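Heads up: the structure comes next, in structure tokens.
The values are calculated or read from the model by the stated rules, or taken from the named source; none is laboratory data. These figures come from a predicted structure and were not determined experimentally. Cβ placement follows ideal geometry from the backbone for every residue including glycine, while neighbour counts extend to all protein chains displayed. Just so you know, the surface numbers come from the protein's heavy atoms only, side chains and all, with ligands and any DNA or RNA stripped out. Shrake-Rupley method; radii C 1.70, N 1.55, O 1.52, S 1.80 Å.
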Amino acid sequence: MTDTLKEVLRKHHVPLINSLDTKRYLAVLLDKEFFNEDEETDILKQQSASKKAEMFLEILQTKSIDACECFMQEVTSKEPSLGQLLQKDLLVAGLGTPQKQPVQNDDRSVLQETTVSSSMPSPVQVSSDTASFSAHFESAAYQRDLKALPDFLDSQLDEMVPALNICGGDKTALVDTSVPEVLRKIPPSCTVHQVVSLLEGSQVGRSDVAENLRMSLSQPSLKKRKAALKYDPDMHIDQLDWSTKNALIQKLSVNQSSGHDWRQLADILLKDVQLKGISIPNLIDTWDQPEKYKTPFREVLNEWQCSSDATVGKLYQVLLENGFGKAAEHLE
């Protein structure tokens, strides 16, 4: 693989490892004999999806240009918004060749020269994911909701500033590190997909901000989401079926560096619950011991279900209004 192709993959490393369905692409490349069974075994034995994707991309960079082009074609077909980003950088790097494509002009079919990749599908239509983030952000009314989220940490800005070229890559130019102010500094060249993928990545770990942005930019309105609840909103949480409750517990028991996880939900759900003289911070400290509590959100629910307002509808509302939209999908 050429250095240019490797650079394109490295540039989009974060969105790739966070969104890639490794098994799907691995199966295609195995079928075409670009990968072998030993490599498949090494990739699939990785414990997490992101680790699988990371090893897959690492091995891909040792393969031929044909293997890379096969992968790019599959990405463009299966994940158009991500494929658009990859194609754009390949064309800028000079890996596209001029082709003649028919277009309509004054009711006559004529040939117009456009530069597209000779070995890949034509670029997909630009969606909100591939459009400029700053254009959407400046016109969005949800900015005020972001003010309630915790400021970005220095370590998070260390990843974001160079990756998104915020303030020309100079972190010291950021006087205000609040979420809306930092996002406002993102240049027009960055797409919605780039910003959201970076925020969700393990290096930044701000899924709360990403979820807020995703819901506001591409998800149905909060009112419509509430109408999608498949359970009786007045049903007490202890009557929720085991599979759904367990899915929620597993999803929300993972600690995030930003604190946007079960700990934030504990603060919200338990604030009006009689806790027998134990403070919420003390409870959170007790449950925040992985060796003793594998699923701390289960403990949160166990305490909360003593409350009369511990209903499915209330939980759904709290999840939606606090940036846990992905978890709320288990109730839809």
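Numerical summary
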{"item": "Inter-residue pairs, beta-carbon under 6 Å, first under 11 Å from LYS23 (Cα atoms) and in a helix (DSSP H, G or I) and in the range 34-62, second β-branched (Val, Ile, Thr) and open to solvent by less than 60 Å² (accessible area, probe 1.4 Å), 6+ apart", "result": "LYS52/THR22; LYS52/ILE43; ALA53/ILE17; ALA53/THR22; PHE56/THR22; PHE56/ILE43"}
{"item": "Any pair with Cβ under 8 angstrom, 6 or more apart, that starts in the range 261-285 at a residue that is within 23 Å of SER207 (Cβ to Cβ) and free of Cβ contacts under 8 Å to residues at least 60 places away in the same chain and ends at one that is among the basic types (Lys, Arg) and open to solvent by 30 Å² or more (accessible area, probe 1.4 Å)", "result": "ILE280/LYS271; ILE284/ARG263"}
{"item": "Residues (surrounded by 14 or more Cβ atoms within 10 Å (Cβ to Cβ) and of a type outside the set (Ser, Thr, Tyr)) located in the range 43-60", "result": "ILE43, GLN46, ALA49, LYS51, LYS52, ALA53, GLU54, MET55, PHE56, LEU57, ILE59, LEU60"}
{"item": "Residue count for the range 130-168, restricted to those that are modelled with pLDDT of 85 or more and more than 17 Å from ASP208 (Cβ to Cβ)", "result": "10"}
{"item": "Residue match in the range 311-332 (condition: basic (Lys, Arg) and more than 30 Å from GLU159 (Cα to Cα))", "result": "yes"}
{"item": "Residues of the range 286-315 satisfying the condition of being farther than 15 Å from ARG263 by Cβ, free of Cβ contacts under 8 Å to residues at least 40 places away in the same chain and surrounded by fewer than 16 Cβ atoms within 10 Å (Cβ to Cβ)", "result": "GLU291, LYS292, ASN302, CYS306, SER308, ASP309"}
{"item": "Test: residue in the range 160-168 that is in a helix (DSSP H, G or I), free of Cβ contacts under 8 Å to residues at least 12 places away in the same chain and surrounded by 15 or more Cβ atoms within 10 Å (Cβ to Cβ)", "result": "no"}
{"item": "Per-region count, the range 22-33, residues surrounded by 15 or more Cβ atoms within 10 Å (Cβ to Cβ) and either in contact with a strand residue (DSSP E or B) (Cβ under 8 Å, 6 or more places away or on another chain) or not in a helix (DSSP H, G or I) (or both)", "result": "0"}
{"item": "Test: residue in the range 78-93 that is at pLDDT below 85, touching a helix residue (DSSP H, G or I) at 6+ places or on another chain (Cβ under 6 Å) and farther than 13 Å from LEU9 by Cα", "result": "yes"}
{"item": "Single residue of VAL318, VAL254 found to be among the aliphatic types (A, V, I, L, M) and open to solvent by 20 Å² or more (accessible area, probe 1.4 Å)", "result": "VAL254"}
{"item": "Test for GLY201: is it more than 22 Å from LYS314 (Cα to Cα) and at pLDDT below 85", "result": "yes"}
{"item": "Output for the range 202-212, where each listed residue is part of a loop (DSSP other than H, G, I, E, B) and crowded, with 23+ Cβ neighbours inside 10 Å", "result": "VAL204, ARG206"}
{"item": "Test for LYS171: is it at pLDDT 70 or above, touching an Asp or Glu at 6+ places or on another chain (Cβ under 8 Å) and exposed (fewer than 15 other Cβ atoms within 10 Å of the Cβ)", "result": "yes"}
